[in-house]
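The block underneath contains the structure these notes are about, expressed in structure tokens.
The values are calculated or read from the model by the stated rules, or taken from the named source; none is laboratory data. These figures come from a predicted structure and were not determined experimentally. We place every Cβ from the backbone using ideal geometry, glycine too, and count neighbours over all the protein chains shown. Heavy atoms of the whole protein, side chains included, go into the accessibility calculation; ligands, DNA and RNA do not. Shrake-Rupley method; radii C 1.70, N 1.55, O 1.52, S 1.80 Å.
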Amino acid sequence: MQRSAVILAAGKGTRMRSDTTKVLHKVGGRSMLDWSLALAQDLNCDRQILVISTHSEELRHIANERVGENQIAIQDPPQGTGHAVQCATPALEGFDGAVIVLYADTPLLPADAVVQAFEALESGAHIAVLGFDANEPGGYGRLICEPNGDLVRIVEAKDASPDELAVGFCNSGVMAVHSKHLKSLLDQLDNNNANGEYYLTDIVSIGRKNGLKSVAVRCEESDVLGVNSRVQLAEAEAEFQKKQRIKFMEDGVTLIDPASVFFSFDTQVQRDVIIEPNVVFGPGVRVEQGVQIRAFSHLEGCTVGEGSMVGPYARLRPGAELGHGVHIGNFVEVKNTKVGDGAKANHLSYLGDGEVGERSNIGAGTIFCNYDGYFKHKTLIGKDVFVGSNSSLVAPVTLGDTSFVGTGSVVTEDVPEGALALARGRQVVKADWAVDYHRSMKAKKEGQ
Ligand code: UD1
Ligand code: MG
């Protein structure tokens, strides 16, 4: 059976109390919208129709980038989840197969949970809903089932009787429907409910009246956390982090204090990496085998080559590419800079917009002065170079292979291969100056 996805993202997300549209809030460094689109991709959906409203220009722009104009359905104004799917039906024209409705506020949903809903359709159901046993059912819709497991109807919390509220089996929001029934089911929706909205969930009871069979497929609550508020956003983040930590440890990564390490959706860590406490991985990080990431380091958009040592207190920013066996130590920031195999910058430095050749040593307090207030410039350091402590390398500047920079230099001109550059005041030594100074000052003070 062919598959298409309808992703609902038109709700205002009022409960977030935010100027940012709800589905653009992030979990694990990726917006909830992008989580849903990635899921639709994983499920090999033929069409991915995104339902949005006009209240957010930003969302419209992003939607256009992601799926293109003809897979966007506009719901204006939003009148409920059923109305949202109705708005998507023109974009489903000519499609024959399983339509999966995904709510873009449910970021952790794994593809294999959704596959169960497709399988239920393939085995004869007309509508399949993913349900879960909720710890705290709260505001979720309740799934009312027959003893044989058939789904009779879904009742929203606001419309539920006390008996119905006592049901712990809840609606995840994921629903698969065969395309040939969808339109007629949606046409029969009304908005006689507490919210005055057209609820998608009502197609279950309508379908039953039409002789269609609905089933509920059980999944884990932790897979379908819906995000409506900041508290739920934090809960989804915590759940994501918990899963990532377990996944990495199972893959052979040591986390000394798992609860204090934070990953992104795309973090890659190879085996035998040791990660100390309080480390944050922003998006786009790859860490190769045998690396040690020491405490309180922050990494994003970077690669750490095999056997390297990072931190404690290091910051690797986008474009930092460390080769094998590199050492980046405390209070060192690296941005858009390639660091060759075996090179070291162990203390208090800024390496921005440059290249450091193999085995070069960057002394404590070295700064790549990459910005002139208008443009960024490159600092190119060859192999086996020694940069003395507290030097400023004023870009654009090149230090040739095996060259030396004397401590405390401000280097403004290129240094040829094998040369020594000294760019600092020459030292003057005056014998007995201090002795004379103290004698005369003491005499002056006593004479007062
Ligand atoms: C919905 C379900 C509820 C389920 C819960 C799971 C309905 C009526 N209720 O409630 O049974 O337990 O999800 O998380 O479906 N949206 C639109 N247009 C609209 C309204 C909403 O596109 O007019 C989108 C929202 O952007 C959101 C999704 O649909 O991504 C769900 O809407 P939301 O308001 O969060 O529904 P819930 O109250 O969570
Ligand atoms: Mg919701």
Residues being open to solvent by less than 20 Å² (accessible area, probe 1.4 Å) and away from ligand 2 (no atom under 16 Å from the Cβ): count how many of those fall in the stretch 167-188.
5
Filter the stretch 32-55 down to the residues that are within 15 Å of ligand 1 (Cβ to nearest atom) and open to solvent by 10 Å² or more (accessible area, probe 1.4 Å), then identify the one that is modelled with the lowest pLDDT.
H55
Answer yes or no: is there a residue in the stretch 255-274 that is in a loop (DSSP other than H, G, I, E, B) and closer than 22 Å to K383 by Cβ.
no
Considering the stretch 1-55 alone, what residues qualify as being out of contact with any Asp or Glu (no Cβ under 9 Å at 6 or more places or on another chain) and of a type in the set (D, E, K, R)?
K12, R15, R17, D19, D34, D42, D46, R47
Given the criterion touching a helix residue (DSSP H, G or I) at 6+ places or on another chain (Cβ under 9 Å) and either within 12 Å of ligand 1 (Cβ to nearest atom) or open to solvent by less than 50 Å² (accessible area, probe 1.4 Å) (or both), identify the matching residue among N193, N135.
N193
Please verify whether A259 is within 16 Å of ligand 1 (Cβ to nearest atom), open to solvent by 40 Å² or more (accessible area, probe 1.4 Å), out of contact with any Gly (no Cβ under 9 Å at 6 or more places or on another chain) and small (G, A, S), treating the condition exactly as stated.
no
Report whether or not A176 is within 15 Å of ligand 1 (Cβ to nearest atom) and assigned to a helix (DSSP H, G or I).
no
Pairs please, first residue from the stretch 345-359 and within 16 Å of M309 (Cβ to Cβ) and modelled with pLDDT under 95, second anywhere and surrounded by fewer than 18 Cβ atoms within 10 Å (Cβ to Cβ) and of a type in the set (F, W, Y), Cβ atoms under 7 Å, 6+ apart in sequence or on different chains.
none
Those residues of the stretch 11-37 which are out of contact with any helix residue (DSSP H, G or I) (no Cβ under 7 Å at 6 or more places or on another chain), touching a residue at least 60 places away in the same chain (Cβ under 8 Å) and under 19 Å from G282 (Cα atoms), in sequence order
G29, R30, W35
Any residue at all in the stretch 224-247 that's under 19 Å from A113 (Cβ atoms), touching a strand residue (DSSP E or B) at 6+ places or on another chain (Cβ under 8 Å), outside the structural domain of G139 (by TED's automatic domain parsing) and open to solvent by 30 Å² or more (accessible area, probe 1.4 Å)?
no
Might you check whether a residue that is more than 19 Å from the chain's Cα centre (by Cα), closer than 19 Å to N361 by Cβ and crowded, with 21+ Cβ neighbours inside 10 Å occurs anywhere in the stretch 314-322?
yes
Are any residues in the stretch 101-114 more than 16 Å from ligand 2 (Cβ to nearest atom) and surrounded by 14 or more Cβ atoms within 10 Å (Cβ to Cβ), and if so, which ones?
P110, A113, V114
State the number of residues belonging to the stretch 103-154 that are more than 32 Å from the chain's Cα centre (by Cα), free of Cβ contacts under 8 Å to residues at least 40 places away in the same chain and not in a loop (DSSP other than H, G, I, E, B).
1
Can you report the number of residues in the stretch 311-343 which are of a type in the set (A, V, I, L, M, F, W, C), more than 18 Å from R359 (Cβ to Cβ) and part of a strand (DSSP E or B)?
1
Scan (1) more than 16 Å from ligand 2 (Cβ to nearest atom); (2) closer than 17 Å to I206 by Cα for the single condition P147 breaks and write down its number.
(2)
Suppose the filter is away from ligand 1 (no atom under 12 Å from the Cβ), out of contact with any strand residue (DSSP E or B) (no Cβ under 7 Å at 6 or more places or on another chain) and outside any helix (DSSP H, G or I); does G252 pass it?
yes
